[in-house]
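Q: Below is a structure I'd like to ask you about.
Please treat every number below as a calculation from the coordinates, not as lab data. These numbers were taken from a predicted model, which means no experiment stands behind them. For neighbour counting, all protein chains shown are included, and Cβ atoms are generated from backbone atoms with ideal geometry for every residue, glycine included.
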């Protein structure tokens, strides 16, 4: 099992990432570890000394000229191995011109050298880096990056830093041997990207959101389906968006990067299963911290099988009006739907799950209608894990597939029956529609068969 990164710390060797989450988790761990250590200055650079015997570059604001980061530092007779550079450690330092890195360096966090405008040379680049930023390019605004992007593929250690088109290119094939893809690396690729078998980490900000297709080929940890890139590994996050005592680590296949073409007719469907290399079908355990947001989707449908929606997963999806959650869901992060003015929330879970206060506060703020199983109406209204903060009159029952009629009344698309897929949906009067409607639907399948599907809308309280 590969290890994915998550909101703060990387969980193992050659952990690939649920990238974004990956780095965010990295950061979390780092902060937690630092609180148990102490600070020490060497040659105008402040280091965090960790209780595990490692040291992290924390502040290089005072550094000038040619900077050398040692492989080890000694403090009070104890030796610390320098393994990482913290977030924004040298940020906007215009006095440094070159940096020599130690062989044992493994982590360079977001913005470590961003806007160091006179930084031209990086010497003694380690052969392997576990993490190279997540939510911001590490070398953005440096001469080092400017000089490097003259080539088609600018590679730092075993990470792709930037792809620069050398003419019109329909397909961009990332070279084999690349372990990671950093933020902004593939923003100039707007058609098809082919991932190497060696890839284990990719920033969620690596890709152009208008990318048409990602070919994962024989890669064992990535899969692509209908505009969504999935990544297999371990994601660490705070359960239901709460405190460190609720931190959990979950193995499995995670929805990782959501491209614009994942939204079809205003609907974003997170599938419950995805096929990986070798035609292996795997359950999608969750949606991690999302990037490439601001998708113009009005409706989100999360399929059965998905258990976790982590913090910030659908943040900034402002047009989102309708959210349909599966019976398998057991976690929602605090800021999972920040800024989304949800009109209708469908909760198919067989019991009221614990939810963070901020999730419920947004549901209450926008006066959302909450649809729950009929037998649980009274239970939801009185459950003190914040559901009871929602006005009782905002709860409705669901029966069948559709909670209400009108603009938001479509149901989960029928994906397939066996190997047959849906080709078209019609009402009884022969009108072709994009999704199942209230009443009887005629569904034509790819194998030539026709199905009759009845859906009902209920507004009973």
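Q: Pull out a ≥ b ≥ c, the square roots of the eigenvalues of the alpha-carbon gyration tensor of segment 186-299, then state rounded if a/c is under 1.5, prolate if not and a/b is larger than b/c, and oblate in the remaining case.
A: Working: a/c = 1.58, a/b = 1.21, b/c = 1.30.
In terms of gyration-tensor shape, oblate.
Q: Let me ask you something else. Going by average Cβ neighbours within 10 Å, how do the peptides 370-377, 147-154 rank, with the highest at the top? Spell out each step's value before the answer.
A: Working: 370-377: 18.6, 147-154: 14.5.
Ranked from most to least packed, the peptides come out as 370-377, 147-154.
Q: In what order do 79, 275 fall by count of nearby beta-carbon atoms within 10 Å, going from fewest to most? Please report the intermediate quantities before stating the final value.
A: On the way: 79 10, 275 14.
With the sparsest Cβ surroundings first, the list reads 79, 275.
Q: Test of understanding: ordering 96, 85 by Cβ neighbours within 10 Å, fewest first, what list do you get?
A: Going from least to most buried by this count: 96, 85.
Q: Output the peptides 66-73, 133-140 sorted from most to least packed, where packing is the average of other Cβ atoms within 10 Å over each peptide's residues.
A: For the peptides 66-73, 133-140, the packing ranking is 133-140, 66-73.
Q: Same structure again: Would you mind putting 326-335, 56-65 in packing order, based on average other-beta-carbon counts within 10 Å, highest first? Let's see the in-between values first.
A: On the way: 326-335: 20.3, 56-65: 18.8.
Highest mean packing first, the order is 326-335, 56-65.
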